[in-house]
Amino acid sequence: MLTAEEIEDALAPGYEQRGLELKGPGSRSDKHLFAKVTRAALSMGNLQDGGHIVIGIDDDDPAAMLPGVGPADLDSWLAYDDVARAMAAYADPPLRIDVDRRDLPSGASVAVIQIFEFADVPHICSKDYPNVLRNGALYVRTRRLPETSEVPTSVEMREVLDLATRKSLRAYVKAAEDAGVTLTTHERPTDRASYDAEAERAWQ
């Protein structure tokens with residue numbers, strides 16, 4: 001979970017980053033705002049190492065770290081069970097998240113949602129919300145801009161597939177070891193070693 005100091009450092013350049021999304025103030029009960037937060041969360045869940053969403057900072061001047069979230073709205077975002085349950089309605093598999101409050105040097109208080117990268121398979125949107133979320137969409141953080149989008153190019157698609165492949169491989173290795181199977185690696189001979197071996201066979 002990001003500290004207040006880490007948020008300040010991340011926003012100092014004046015723009016969002018690939019692993020950090022900003023949303024303006026509002027309550028979790030604001031359905032449109034919640035849908036936009038969920039869209040960002042889905043993309044962060046498909047990003048290596050996940051990411052964070054900070055609620056209460058206008059993205060037109062991030063470095064100012066204002067205006068913050070009022071007490072009642074802040075409490076609505078800090079209700080972990082309610083946030084996780086509501087997001088689960090839009091995510092397959094469900095997102096793994098954590099939520100906390102941060103009091104920033106600007107004097108503003110914000111809600112921070114940490115989203116962990118997917119455990120086994122990428123997160124797919126499982127429910128529509130008009131003009132924000134599309135059932136069946138795979139959302140990612142694009143490389144060209146720090147924004148959330150449906151997979152725009154093969155580059156982002158390959159990134160998600162590579163992450164899923166590495167996870168599957170680690171799971172396979174662990175399952176094999178748990179079953180008592182010993183996996184070994186074989187080093188490929190260098191070009192010089194291959195040449196020497198071939199020359200020796202030729203002379204024999």
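The values are calculated or read from the model by the stated rules, or taken from the named source; none is laboratory data. All figures in this text were calculated on a predicted structure; none of them were measured in a lab. Virtual Cβ from ideal backbone geometry, glycine too; neighbours counted across all protein chains shown. Surface areas here come from the heavy atoms of the whole protein model, side chains and all, with no ligands, DNA or RNA. Shrake-Rupley method; radii C 1.70, N 1.55, O 1.52, S 1.80 Å.
General observations
- Order of exposure, largest accessible area first, which applies to S109, S29, S126 with probe 1.4 Å: S29, S126, S109
- CD proxy at 222 nm, helix term only [per DSSP H run n ≥ 4: -39500 (n - 2.57); per residue of the chain; nearest 500]: -12000 deg cm²/dmol
- Paramagnetic label reach from L145 (point 7 Å along Cα→Cβ; backbone nitrogen cut-off under 18 Å): within segment 19-54, residues 19-24, 36-37, 39-41, 43-44.
- Length-normalised contact order of the chain in % [C-alpha pairs under 8 Å, at least 6 apart]: 21
- Solvent-accessible surface of protein heavy atoms, probed at 1.4 angstrom with all chains present, puts K174, K127 in the order K174, K127, largest first.
- Partners for K36 among lysines (Cα-Cα distance below 18 Å; same-chain residues under 8 apart left out): K23, K127
- Note on the chain: with neighbouring protein chains present and a 1.4 Å probe, carbon and sulfur make up 50 percent of its accessible heavy-atom surface.
- Charge dipole (Cα centre; +1 on Lys/Arg Cβ, -1 on Asp/Glu Cβ; no other charges) of the chain amounts to roughly 660 debye.
- Dipole orientation for the chain: of the candidates S106, I53, V173, V173 has the Cα lying most toward the positive pole (charges on Cβ; Lys, Arg +1; Asp, Glu -1).
- Rg and Dmax of the chain, both derived from C-alpha coordinates alone, stand at 22.6, 86 Å.
- Theoretical FRET efficiency, 1/(1+(r/R0)^6), r = Cβ-Cβ of S29 and F116, R0 22 Å, to 0.05: 0.30
- The residues of the chain expose, per residue, 57 Å² of accessible area to a 1.4 Å probe.
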